[in-house]
Amino acid sequence: MPDRSFIIQSAFVFGTTLTIGVLTEIIYQGLTWWRTRRKEKNQFSKVLFFPDREVACKAHFQTREGCSHVNCRYSHKDTSLSELYKHLGRAEHSLDVCVFVICCKDLADILIQLHKQGKMVRIITDDEQMEMPGSQIWRFRKEGISVRTDHSSFFMHHKFVIVDKKILINGSFNWTRIAITGNQENLLITNNPDFVVAYQKEFEKLWKEFDPRNFNKSDLHRRKNQPPNSSTASWD
């Protein structure tokens, strides 16, 4: 028959082990809950709607000195465009732009300025929109910004931006003056990681697909993807 002291000692060890296990699980669950709540608390989402009644003054919202014009013809009030200016201008490391049409000089200026500051700027756009009046694509390339296009008969129709791989800006909004002051457009701005990661993955996929060195390997450019009886000319 086991010694009484042995039984007591074993029970003590078992109880201590069980207590430590329970306390460890409680602490783990508590930390998980705290981290989740903290993560949720730090998340934000904001919706912008266009058109704006007036065009926001880029100098007022983007420079330390502000606007120097006494009778500035642009708006110094908060607008959807001014919010877009702010989020783009706050990029600290990188800006990945995937937009169908880019014709707005003021928005293009922000990308060029970020590039000159040493931030990594990458742009994906539709090849058929490069030659339209006001297109900023050749200006980007002249400044040394990396630009890739689809080179297919289909549209690269996305309209999203990822700031520092942390903030997603996505919606119907093309970078044109008519989208700012004419069309009914929308943008969702969020740092929800579920959305940011998904869009970053899409950007990286297209960036690889649209690398000129991969044109002959890309599923997006193979002739077999043309609709049946397509009259589209060969892409080879």
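Each value in this text was obtained by applying a stated rule to the coordinates, not by laboratory testing. Treat the numbers as computed from the prediction; the structure is a model and nothing was measured. Cβ placement follows ideal geometry from the backbone for every residue including glycine, while neighbour counts extend to all protein chains displayed.
Across the range 115-219, how many lysine pairs, 8 or more apart or on two chains, come within less than 16 Å at their alpha-carbon atoms?
10
Considering amide H positions built from the backbone, and no H for Pro or chain starts, which residues 5 or more places from His151, or on another chain, come under 5 Å of its amide H?
So His151 has HN proximity to Asp127.
Of the options Ile145, Phe210, Ile162, report the single residue whose Cα projects farthest towards the positive end of the charge dipole of the range 131-221 (beta-carbon charges: Lys, Arg +1; Asp, Glu -1).
In the range 131-221, that residue is Ile145.
Give me Rg/Rg_expected for the range 74-214, where Rg uses Cα atoms only and Rg_expected = 2.2 N^0.38 Å with N residues.
After normalising by residue count via 2.2 N^0.38 Å, the value is 0.99.
Could you give the dipole magnitude of the range 90-198 about its Cα centre, charging the beta-carbon of Lys and Arg +1 and that of Asp and Glu -1, in debye to the nearest 20?
360 debye
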